[in-house]
Structure formats: C-alpha cells, structure tokens
1. Could you tell me which residue of the stretch 88-110 is nearest to the chain's Cα centre (by Cα), considering only residues that are in a helix (DSSP H, G or I) and among the hydrophobic types (A, V, I, L, M, F, W, C)?
2. Kindly indicate whether residue 88 is of a type in the set (Val, Ile, Thr) and in contact (Cβ under 8 Å) with a residue 12 or more places away in the chain.
3. Hey, could you check the stretch 34-87 for residues that are part of a strand (DSSP E or B) and modelled with pLDDT of 90 or more and say which is nearest to the chain's Cα centre (by Cα)?
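The values are calculated or read from the model by the stated rules, or taken from the named source; none is laboratory data. As the structure is a prediction and not an experimental result, all values here were calculated from the model. Here Cβ is always computed from backbone atoms with ideal geometry, including for glycine, and neighbour counts include all displayed protein chains.
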Amino acid sequence: MIAQKTGTGSRQDPFRADIPEGLEDYVISARYRSETDDYEVEINWPKEINGIPQEITKFQGKVMLKILGKLEQVEQAISQSDNPMMLIAWVEIDTWRRQSNTIKGMAEIVGMTEEELDSFFVEAKKIEMD
C-alpha cells in the first residue's frame with residue numbers, strides 16, 4: 001500500500017520531511033514541490049514492524065477500545081475536540097495506521113504510552129468478526 005506524507009524539508013535534504021519513525025527504510029520517493037517549498041514523500045507501508053501490526057480496521061480498534069473500557073472516553077473527547085479533522089477521521093477512516101497522528105492523538109486522550117499503543121495494535125489485530 002502506498003501512502004503519501006507531506007512535510008517540510010530542504011531542497012538538499014528531503015528526508016527532513018515528516019516521515020514516521022521506523023519507516024525511513026520504506027520510503028519509495030521524495031519529490032520537492034517548489035510551489036509549496038516542501039516534499040511529497042511516498043511510503044510503502046509495511047504490514048508489521050518488529051512484530052507490531054501497522055494497520056487495523058476501525059472495527060478492530062473500536063472493539064479493543066470497548067474491551068479496555070475506553071471507547072466512550074475517546075468518543076466524548078473527539079466530539080468535544082476543536083479539531084474538526086479528528087471527528088471526520090474518526091467517522092470516515094476505515095483503516096487505522098499505527099503511525100497516524102490521529103491514532104497517536106487518540107492514544108494520548110486515554111493516556112496510552114507508545115508501548116501500550118503497540119500492544120493495543122497487536123491485540124486488536126487478533127479480533128475477528130464471526
């Protein structure tokens with residue numbers, strides 16, 4: 001799967017763009033865009049990094065939040081957020097990426113550490129609908 005990530009860098013150093021930690025080896029290309037003075041970076045998202053799934057479905061994520069007793073807390077925080085993109089992402093995005101800033105924001109809302117978020121993705125990936 002190819003995803004695009006945009007971040008600022010310099011003409012000499014495209015890899016100063018906002019590439020999620022651990023994904024540097026998966027960069028396909030970086031193109032400088034002079035009109036915006038930034039780089040568009042294409043990343044071939046891996047399925048796992050160090051045994052941690054990098055994607056789960058929205059269903060798996062919400063079920064896992066419910067199991068942890070945190071679904072209502074996240075939904076309330078998102079509905080009260082002053083960031084309209086967060087609400088749109090919560091409703092519209094069907095695939096949750098481990099490196100997503102929205103997912104990291106959700107984890108922050110419920111007080112998850114990076115390690116706990118990794119475990120969340122590992123356990124959520126096991127959830128299947130019968």
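1. Among those that are in a helix (DSSP H, G or I) and among the hydrophobic types (A, V, I, L, M, F, W, C), it is 103.
2. Taking the combined requirement at face value, the residue does not satisfy it.
3. Across the stretch 34-87, the extreme among qualifying residues is 55.
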